[in-house]
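The structure under discussion appears below in the form of structure tokens.
The values are calculated or read from the model by the stated rules, or taken from the named source; none is laboratory data. Everything numeric here is computed off the predicted structure, so don't read it as measured data. Glycine gets a Cβ as well: all are built from the backbone with ideal geometry, and neighbour counts include every protein chain shown.
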């Protein structure tokens with residue numbers, strides 16, 4: 001029970017002090033789960049939704065670092081660009097289902 005309490009307190013602390021980053025992490029987690037579901041059941045809808053989430057995450061990361069840069073601004077921007085390129089490649093792969 002103590003482990004759950006520590007986990008919950010960390011989540012609450014993260015929500016209060018950096019809400020955009022928490023939302024980005026939740027979107028990344030959901031995109032990862034959707035891509036995992038797509039690997040098991042290859043429906044194009046899972047893939048399209050996962051790539052959409054990745055585009056949203058990369059745009060959010062890029063804008064957040066442009067508005068209020070942190071001490072790790074450069075790595076975050078590089079990751080955002082890589083996620084954006086990966087999602088564009090995923091959408092290009094998705095066109096075979098249309």
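A residue that is surrounded by 14 or more Cβ atoms within 10 Å (Cβ to Cβ), at pLDDT 85 or above and closer than 17 Å to residue 18 by Cα occurs nowhere in the stretch 40-54.
For the stretch 25-50, the set of residues classified as touching a residue at least 40 places away in the same chain (Cβ under 8 Å) and either closer than 20 Å to residue 62 by Cα or touching a strand residue (DSSP E or B) at 6+ places or on another chain (Cβ under 7 Å) (or both) consists of 50 only.
Here's the yes/no breakdown for (1) surrounded by 11 or more Cβ atoms within 10 Å (Cβ to Cβ); (2) touching a helix residue (DSSP H, G or I) at 6+ places or on another chain (Cβ under 6 Å):
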{"residue": "5", "(1), (2)": "no, no"}
{"residue": "11", "(1), (2)": "yes, no"}
{"residue": "16", "(1), (2)": "no, no"}
{"residue": "24", "(1), (2)": "yes, yes"}
{"residue": "31", "(1), (2)": "yes, yes"}
{"residue": "37", "(1), (2)": "yes, yes"}
{"residue": "82", "(1), (2)": "yes, no"}
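When 96, 77, 72 are checked against the criterion of being at pLDDT below 85 and within 14 Å of the chain's Cα centre (by Cα), 77 stands alone in meeting it.
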